[in-house]
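In what follows, a single structure is set out as structure tokens and then discussed.
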Amino acid sequence: MLLGEPNRTDFDLAFRCFGIPVRVHPGFWAIAALLSLPAGREPLPVLGFALAIFLSILIHEMGHALAFRKCGIQSHIVLYHFGGLAVPDSVSNYVGYGRQYSSGSKIFVTAMGPGVQMLSAILLILFLRGIGKTDGFLTGIVGIPAAWTADPVGSLQDLRKVNGAVLPCYPIQQFPELSQAALGLADKNQDGLITWIELVDYEVELEAAAKFAIPMWKTVEGKSPRLYVPREMLDHFSGTYLEILDRADRGRDKLILWEDVVRGHLQRIRVQNEFLSIFCFGFIQIGLFWAVMNLIPVYPLDGGQIARELFVLSRIPNGVIKSLKLSIACGALTGLIGLRLNMTFIAIMFFLLAYSSYQMLQRMLGRYF
Ligand SMILES: [Zn+2]
């Protein structure tokens with residue numbers, strides 16, 4: 001983005017990265033902290049997420065800055081409350097490059113930001129996949145098939161699809177005392193959990209003894225079940241699934257509780273260190289999600305800049321005005337989609353961007369207000 005940069009403060013963090021001066025305005029940490037708070041109650045996961053935001057955005061701006069350098073333009077990077085900026089150092093330099101800094105170069109400089117940011121996220125995904133770990137984002141949030149990544153939730157969903165593999169059982173404790181006694185008799189393995197099979201068996205037993213009472217299934221009706229995998233089902237599985245189930249199988253007569261299956265599998269496949277785990281998740285989420293958002297053709301996002309240059313390159317008359325109209329339409333549309341998906345932050349941001357494009361358009365058409 002090429003907007004005005006924020007003033008220097010005493011709390012700026014300044015350093016150089018590959019020879020490019022970088023300045024981090026305190027506003028950046030404020031927004032990073034705000035976005036990281038949902039990551040957890042402990043300081044470590046929050047820090048992990050904040051570091052992921054910092055690195056991912058720094059890589060994005062480094063993409064712009066290094067591309068500027070390639071075009072012979074020096075620049076510096078500012079990270080602040082709206083994200084990041086790569087600012088060309090001298091306007092005369094910037095303008096003076098004239099022919100060399102053509103629309104083509106501008107597209108190159110603009111695209112390199114989201115480009116390297118996405119590439120860094122993809123490299124991390126591939127690395128994690130290589131060591132058999134999950135990023136937790138692609139299948140967990142985006143919904144990409146589990147077989148393509150090492151995500152636990154997805155592969156367990158496949159397991160759940162197998163007929164009879166995952167059944168409900170009911171903790172006896174949750175029933176009124178009177179039912180507890182009856183269910184206790186039906187609970188043959190005395191694990192405090194009543195399964196459907198145990199219920200049916202007990203029903204048959206009662207009928208054989210000609211003791212007719214209220215049907216047993218009525219007792220559990222409407223109660224919230226826990227899930228378990230019957231041990232007999234182990235024969236139906238092989239490979240990874242068998243390994244997962246076996247790991248969760250505790251003791252001889254116990255059921256394989258679904259929560260143990262999930263917990264064990266998550267442990268196996270997640271990055272063990274909590275800080276690193278949240279960092280990876282955040283780095284991939286920011287690197288993919290924000291880079292894609294940034295490519296929507298809305299001013300002054302990278303996508304908006306690229307769209308404008310494409311209009312200019314294509315020599316369509318009034319290209320800049322058309323790119324502003326496109327910006328208004330895409331901003332409003334993305335805002336509506338954001339509302340639909342309950343992404344309030346995204347919705348507000350894009351509505352504001354659409355409105356500022358509208359103002360810009362009015363100014364260009366000579367209507368001041
Ligand atoms: Zn950018």
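With respect to the conditions (1) more than 15 Å from the ligand (Cβ to nearest atom); (2) at pLDDT 90 or above; (3) over 19 Å from G366 (Cβ atoms), I316 lacks only one, and its number is (2).
Restricting L339, L324, L333 to those that are buried (at least 22 other Cβ atoms within 10 Å of the Cβ), outside the structural domain of F108 (by TED's automatic domain parsing) and not charged (D, E, K, R) reduces the list to L324. Checking each residue in the stretch 283-313 for being part of a helix (DSSP H, G or I) and closer than 11 Å to S357 by Cα picks out only G304. Annotation for the stretch 245-256: at least one member residue is in a helix (DSSP H, G or I), assigned by TED's automatic domain parsing to the domain that holds D187 and not charged (D, E, K, R). If I ask for residues that are surrounded by fewer than 20 Cβ atoms within 10 Å (Cβ to Cβ) and either closer than 12 Å to F82 by Cα or at pLDDT 85 or above (or both), which ones from the stretch 23-34 would you list? Those that are surrounded by fewer than 20 Cβ atoms within 10 Å (Cβ to Cβ) and either closer than 12 Å to F82 by Cα or at pLDDT 85 or above (or both): P26, G27, W29, A30, I31.
Here is a yes/no grid of residues against (1) away from the ligand (no atom under 15 Å from the Cβ); (2) assigned to a strand (DSSP E or B):
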position	(1), (2)
L47	yes, no
H60	no, no
H64	no, no
G84	no, yes
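Screening the candidates I328, I316, I337 for the property of being hydrophobic (A, V, I, L, M, F, W, C), free of Cβ contacts under 8 Å to residues at least 12 places away in the same chain, over 26 Å from I59 (Cα atoms) and not in a loop (DSSP other than H, G, I, E, B) yields one hit, I337.
Of the candidates S75, S56, the single residue that is of a type in the set (S, T, N, Q), in the same structural domain as F108 (by TED's automatic domain parsing), modelled with pLDDT under 90 and surrounded by 14 or more Cβ atoms within 10 Å (Cβ to Cβ) is S75. Inclusion of R69 among residues that are of a type in the set (D, E, K, R), surrounded by fewer than 17 Cβ atoms within 10 Å (Cβ to Cβ) and part of a helix (DSSP H, G or I) is warranted.
Considering the stretch 123-241, the qualifying helices (runs of 4 or more DSSP H), each wholly inside and each with 2 or more residues that are closer than 30 Å to N273 by Cβ and modelled with pLDDT of 75 or more, run over 152-161. Inside the stretch 123-140, residues that are in contact (Cβ under 8 Å) with a residue 60 or more places away in the chain and either hydrophobic (A, V, I, L, M, F, W, C) or surrounded by fewer than 18 Cβ atoms within 10 Å (Cβ to Cβ) (or both) make up a count of 6. Applying a threshold of 9 Å to beta carbon distances and a minimum spacing of six or more residues, or different chains, the list of pairs starting in the stretch 162-184 at a residue that is free of Cβ contacts under 8 Å to residues at least 24 places away in the same chain and at negative phi and ending at one that is of a type outside the set (A, V, I, L, M, F, W, C) and in a loop (DSSP other than H, G, I, E, B) reads I172/D187; I172/G192; Q173/G192; G184/Q190; G184/G192.
The values are calculated or read from the model by the stated rules, or taken from the named source; none is laboratory data. Note that this is a predicted model, so its numbers are computed, not measured. Here Cβ is always computed from backbone atoms with ideal geometry, including for glycine, and neighbour counts include all displayed protein chains.
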